[in-house]
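Enquirer: Structure provided below as structure tokens; questions to follow.
The values are calculated or read from the model by the stated rules, or taken from the named source; none is laboratory data. Computed from a prediction, not measured in an experiment: that's the story for all the values here. Cβ placement follows ideal geometry from the backbone for every residue including glycine, while neighbour counts extend to all protein chains displayed. These area figures cover heavy atoms from the full protein model, side chains too; ligands, DNA and RNA do not enter into them. Shrake-Rupley method; radii C 1.70, N 1.55, O 1.52, S 1.80 Å.
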Amino acid sequence: MTDAPSEAMERLVGVARDPRAYVGRWRAEHPGGAVLAILPMNFPRELAHAAGALPVIVQDDQEPITEGRALLAEFYCGYTRNLADQVATGRFDLYDAVFTADHCIQLIGATEIARTLKPDTTVFLGMLNSSMNDSWAPAKVTETMAEIRAEIERFTGNPVEQGALRQSIEAYNRDRRLIRQLLDARSAGEASLSPVELQDIIVSSMVMDPVEHHALLFEALAGIHRTERDDRVRVHLSGHLCHAPRRELLEVIEDSGAIVVDDDLYHGRRYLSTDVEEEGDPIAALAGWYARRNVTIPCPTRVQQDADWDTYLLEAVRHSGAEAVIHLMPKFCEPHMLYYPELRKALDAAEVPQLQLETEHEGMPLESFRTRIEALVERALRRRPVHV
Ligand code: SF4
């Protein structure tokens, strides 16, 4: 935490750590308003917001997985088993419907658990196509965006007016831009927020109304002072495409002599990478946003010849001056596992020290991770020029 957390910052942290309480407050203030469970990675929350709903990106909720184990096989990632557990134990009853727009097969498995166990709940899967170079791709994405809009209108009973949608787009853009400024300041060496604090800010933005979040964050930032670059080993965190790395893991990384300067995590740059065009037809703008997201930070669940994650990663490392990369790979995350050899080869060729940590929902060997991170820090330090 910062040495002087403001009340505004404490409220953001409170929302991030207890989304349930925020949803309760929002419901009290918006009688009859729908709260939608949104699953990663690319759902256009703007459409739901414009219909007067609260679109909440569902977090890996840190509770131990009990019934979820019997519903999804052990080789599903921890996040999806946790989602199944939330559904089976009633923790998902917080939401009125489930909306998702992606196609990782494990995520679809978790969505199907919600459909099976909650037959009276609307569960909508808007399959955004993953093949990005095909000539028909832009039209198909626009068509899917229109389907999502129609489904949201049907579910909420509210039309998504063009004007309201434009306002929602502007609100989310404004909030994204403000958080991105923090990430840019961190890359430039003016890190004044720890990775845990940044994660809390981003998680709260995934839960809250964007107008409210922006106002609170703006207030919180007034009490935060920038700090000068220090000589800890600068590290880029890569991976975790869907859910947040555990806070204790982020703390171990910075306790081991590293400082996180950049990332491509979902709860980081990946989520905030791209704004929606504010001019022209808003549905076409959302379709364009989906396509451009995969250029700004390529995702291993998409196929696109002119965008790849390893090229992006090398450029990000060069830009931030990161001295090492830590791959945070959720156990059994197939898209990440399939792409990882390419990342490893590219970094090896560029002689960037790297470390892969396989993460799980629970039972992570933090002390063993600490030893391995310290060894990475040592390797990076030895590469620094010696001044005599
Ligand atoms: S992309 Fe990886 S972390 Fe996300 S749901 Fe799929 S397997 Fe799990």
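Enquirer: Nearest 10 degrees is fine. How inclined is helix 366-382 to the longest principal axis of the chain, computing both from alpha carbons?
Expert: 50
Enquirer: Express the Stokes-Einstein translational diffusion coefficient of the chain in µm² s⁻¹, to the nearest whole number, given a Kirkwood radius over alpha-carbon pairs, 10 °C and a viscosity of 1.306 mPa s.
Expert: Details: Rh = 21.5 Å.
Value of D from the Cα-based Kirkwood radius: 74 µm²/s.
Enquirer: Hey, another quick one. Give me the net charge of Glu358's neighbourhood, meaning all other residues with Cβ under 13 Å from the Cβ of Glu358; Lys, Arg count +1, Asp, Glu -1.
Expert: Result for the local shell: +2.
Enquirer: Next question, about the same structure. What area, in nm² and to one decimal, does the C-alpha convex hull of the range 94-164 cast on average over all directions?
Expert: 6.0
Enquirer: For the pair Asp184 and Gln162, how long in nm is the line joining their label points, each one 7 Å along Cα→Cβ?
Expert: Between Asp184 and Gln162, the simple spin-label model gives 3.1 nm.
Enquirer: Moving on to the next point. Rounded to two decimal places and with Rh computed the Kirkwood way over Cα pairs, what is Rg over Rh for the range 49-89?
Expert: Looking at the range 49-89, the ratio lands at 1.13.
Enquirer: Taking a spot 7 Å from the Cα of Ala350 along the direction of its beta carbon, which residues of the range 233-254 have an amide N less than 15 Å from it?
Expert: 234-239
Enquirer: Taking the convex hull of the Cα atoms, report for the range 340-388 its projected area averaged over all directions, in nm².
Expert: Details: hull surface 18.3 nm².
So the Cα hull casts an average projection of 4.6 nm².
Enquirer: What Kirkwood Rh does the range 134-260 have if only Cα atoms enter the pairwise 1/r average? Answer in Å. Provide the component values of the computation, followed by the final result.
Expert: Values: mean 1/r = 0.0571 Å⁻¹.
About 17.5 Å for the range 134-260.
Enquirer: Take the chain, connect every pair of alpha-carbon atoms lying under 10 Å apart with a spring to form a Gaussian network, then pick out the residue of Asp255, Asp310, Asp85 with the largest mean-square fluctuation.
Expert: In this elastic network of the chain, the residue with the biggest mean-square fluctuation among Asp255, Asp310, Asp85 is Asp255.
Enquirer: Taking only Cα atoms of the range 60-195, what ratio of Rg to Rh do you get with Rh as the Kirkwood inverse-distance radius?
Expert: Expressed as Rg/Rh, it is 1.04.
Enquirer: Could you give me the ³J(HN,Hα) list for the range 209-226, computed from phi with Karplus coefficients 6.51, -1.76, 1.60 and θ = phi - 60°, whole Hz, x at Gly and Pro?
Expert: Ordered by residue, 3J(HN,Hα) equals 4, x, 5, 5, 5, 4, 4, 5, 5, 4, 5, 4, 6, 4, x, 10, 9, 6 Hz.
Enquirer: For the chain, what is the calculated [θ] at 222 nm in deg cm²/dmol (nearest 500), taking -39500 (n - 2.57) for each run of four or more DSSP H residues and dividing by its residue count?
Expert: Values: 15 runs with 197 residues, N = 388.
Estimated from H runs of four or more residues: -16000 deg cm²/dmol.
Enquirer: Same structure, new question: Which lysines, on any chain, are close to Lys331 with Cα under 23 Å apart, when same-chain ones fewer than 8 places away are left out?
Expert: Qualifying lysines at Cα under 23 Å: Lys345.
Enquirer: Another question about this same structure. Excluding Gln62 itself, calculate the net charge of residues whose Cβ lies under 15 Å from the Cβ of Gln62, where each Lys or Arg counts +1 and each Asp or Glu counts -1.
Expert: It works out to a net charge of -4.
Enquirer: Taking every pair of Cα atoms in the range 1-106, average 1/r, invert it to obtain the Kirkwood radius, and report Rg/Rh to two decimals. Walk me through the numbers on the way to the answer.
Expert: Details: Rg = 15.4 Å, Rh = 15.3 Å.
Rg divided by Rh gives 1.01.
Enquirer: With a cap of 12 neighbouring Cβ atoms within 10 Å, and only residues DSSP puts in a loop, list the GluC sites (Glu not before Pro) found in the range 53-156.
Expert: Listed in order of number, the matching sites are Glu74.
Enquirer: Then there's this: Within the range 290-384, list the GluC sites (Glu not before Pro) lying in a DSSP loop whose Cβ has at most 16 other Cβ atoms in a 10 Å radius. It would help to have the intermediate numbers written out before the result.
Expert: Details: sites: Glu315, Glu323, Glu342, Glu351, Glu358, Glu360, Glu362, Glu367, Glu374, Glu378; in loops: Glu323, Glu351, Glu360, Glu362.
Passing sites in the range 290-384 are Glu351, Glu360, Glu362.
Enquirer: Build a GNM of the chain with springs between Cα atoms under 10 Å: which of Ala110, Ala375, Ala48 gets the top mean-square fluctuation?
Expert: Fluctuation is largest for Ala375.
Enquirer: Would you mind finding the longest exposed-site-free stretch of the chain, with exposed trypsin sites (Lys or Arg not before Pro) meaning DSSP loop and at most 16 other Cβ atoms within 10 Å?
Expert: 1-225
Enquirer: Report the Cα centroid-to-centroid distance between the range 285-334 and the range 2-63 in angstrom, as an integer.
Expert: Centre-to-centre (Cα) distance: 26 Å.
Enquirer: Please report, in whole Å³, the volume per residue of the convex hull around the C-alpha atoms of the range 174-319.
Expert: 125
Enquirer: How much area per residue is accessible in the chain when the probe is 1.4 Å and only protein heavy atoms are counted (Å²)?
Expert: Accessible surface, normalised per residue, equals 41 Å².
Enquirer: Please list the three semi-axes, largest first and in whole Å, of the ellipsoid equivalent to the range 278-388, using sqrt of 5 times the eigenvalues of its alpha carbon gyration tensor. It would help to have the intermediate numbers written out before the result.
Expert: On the way: eigenvalues 199, 79, 33 Å².
After scaling each eigenvalue by five and taking roots: 32, 20, 13 Å.
Enquirer: Whenever you get a sec, line up Glu7, Glu219 from highest to lowest accessible area (probe 1.4 Å, protein heavy atoms). Numbers along the way, then the final one.
Expert: Values: Glu7 140, Glu219 110 Å².
If we order Glu7, Glu219 from most to least accessible, we get Glu7, Glu219.
Enquirer: Which value in Å is the Kirkwood Rh of the range 46-123 over different Cα pairs?
Expert: Numbers: mean 1/r = 0.0774 Å⁻¹.
It is 12.9 Å.
Enquirer: Another question, then. Counting only chymotrypsin sites (Phe, Trp or Tyr not before Pro) that sit in a DSSP loop (anything but H, G, I, E, B) with at most 13 other Cβ atoms within 10 Å, what is the longest stretch of the chain containing none of them? If you can, show how the numbers build up before the last one.
Expert: Numbers: sites that count: Phe75, Trp136.
Answer - 137-388.
Enquirer: Also, I was wondering about something else. With a/c under 1.5 counting as rounded, go ahead and sort the range 1-44 into rounded, prolate or oblate using the C-alpha gyration tensor (a ≥ b ≥ c being the square roots of the eigenvalues; past the cut-off, prolate if a/b is larger than b/c, else oblate).
Expert: oblate
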